[in-house]
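Undergrad: Dropping the structure in here first, questions after.
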Amino acid sequence: MTDNDFLAERFESYREHLRAVAYRMLGSAAEAEDAVQEAWFRLSRSDTREVENLGGWLTTVVGRVCLDMLRSRRTRGEEPLDGGRHAPSAGPDPAEDALLADSVGLALLVVLDTLSPAERLAFVLHDLFGVPFGEVGGVLGRNAAAARQLASRARRRVRGVAVPGADLARQRRVVDAFLAAARDGDFEALLAVLDPDVVARTEAGVTGGAARVAAGAAGFARLARVARPVLVDGATGLAVFADGRPERVLAFTFAADRITGIDIVTAPSQLAELTVEEAQELPPAPGPGSLRLSPAGGTGRGSTAAGRPRRSVRGR
């Protein structure tokens, strides 16, 4: 096996991950493939003998490539490709592209398109893929604090998008199922409502993967018993209240009736930035063939909508 073959084999082991990063950055399967191929060319021209974490190195390279593409939206094939080494084959697969789009969710892509390139990169790399702010700042040419601020601004905009009422009912059933499973410490039930690539974010750091997030949520049983469903910036979430004020908020993102992201907010300064509203009672569950999850708190099939006005509670 030649050095080039060995390098190509290592690159292939990261291709799916890199493509996922690029697709969330660019919203186009074709452009994502271009970005991944450009990462290969940069890798093939680089001396990576001192690189300890090749996956992390490639992720930041793809981030830089996507940032440039977002800023200029260059057409495919503009970049000159160095000769000598051939990129690993990766013909586009329409079926894979459709699965990729479905896994991300068109709603999220629409929201991501409203972000500036820097906000989008900070949000995607840190919030979706757990890249430390120091490395995100390196890609952007800024410090870690600036990268954190960009991600926070993007996060607020993603959560602040108006959610259709029909989606709120489906979100509520997913959150009710999550809450019931957390109260019971039911690991398998938690896995059933979590996306395999779910990411949980706290002030302390980022946890990725359904198994790890479910393990953490299973230890949430005590707080889950006093948590109640709320609307967090217009989307279904959970909150623990003290003296009528939220002291802990869980803000969720969803795709295909699963939880893809959980923001656990406890810092007073961050709580103050959220709009937390009392959630209405869950309407009757849809008929056969629709989402059916075990609800918590006595809501679900057969319950009626109270129709009472929502009461807004600011974090501060």
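Undergrad: Return the pairs, sorted by first residue and then second, in which the second residue is among the polar types (S, T, N, Q), the first residue lies in region 117-140 and is within 14 Å of ARG71 (Cα to Cα), the beta carbons are less than 7 Å apart, and the residues are 6+ apart or on different chains.
TA: Correct list of pairs: VAL139/THR60.
Undergrad: Something else now. Can you run down the residue pairs with Cβ atoms below 7 Å, 6 or more apart or on separate chains, where the first is in region 156-180 and β-branched (Val, Ile, Thr) and the partner is at pLDDT below 65?
TA: Sorted first by the residue in region 156-180, then by its partner, the pairs are VAL174/LEU293.
Undergrad: Now for a separate question. Kindly indicate the residue of region 46-75 that is touching a Lys or Arg at 6+ places or on another chain (Cβ under 7 Å) and touching a residue at least 24 places away in the same chain (Cβ under 8 Å) and also surrounded by the fewest Cβ atoms within 10 Å (Cβ to Cβ) among those meeting that condition.
TA: Going through the qualifying residues, I end up with LEU54.
Undergrad: Of all residues in region 233-250, which are under 13 Å from ASP263 (Cα atoms) and either modelled with pLDDT under 85 or open to solvent by 20 Å² or more (accessible area, probe 1.4 Å) (or both)?
TA: ASP233, ALA235, ARG248
Undergrad: For region 251-260, state whether one or more residues are at pLDDT below 80 and hydroxyl-bearing (Ser, Thr, Tyr). I'd like the intermediate steps shown before the answer.
TA: Initial filter on region 251-260 (at pLDDT below 80): 255-256.
Among the residues that remain, those that are also hydroxyl-bearing (Ser, Thr, Tyr) are: none.
Within region 251-260, not a single residue is at pLDDT below 80 and hydroxyl-bearing (Ser, Thr, Tyr).
Undergrad: So, in region 261-288, of the ones that are at pLDDT 80 or above and in a loop (DSSP other than H, G, I, E, B), which residue ends up surrounded by the most Cβ atoms within 10 Å (Cβ to Cβ)?
TA: Only one residue tops the list, namely LEU274.
Undergrad: Moving to a separate point now. Mind checking which pairs have a first residue in region 240-252 that is under 23 Å from LEU168 (Cα atoms) and a second that is surrounded by fewer than 14 Cβ atoms within 10 Å (Cβ to Cβ), Cβ under 6 Å, 6 or more apart or different chains?
TA: What qualifies is VAL240/VAL226.
The values are calculated or read from the model by the stated rules, or taken from the named source; none is laboratory data. Note that the coordinates shown come from a computational prediction; the quantities given were computed from them, not determined experimentally. All Cβ positions, glycine included, derive from the backbone under ideal geometry; neighbour counts span all protein chains shown. Keep in mind that these areas ignore ligands, DNA and RNA; they rest on the heavy atoms of the full protein, side chains included. Shrake-Rupley method; radii C 1.70, N 1.55, O 1.52, S 1.80 Å.
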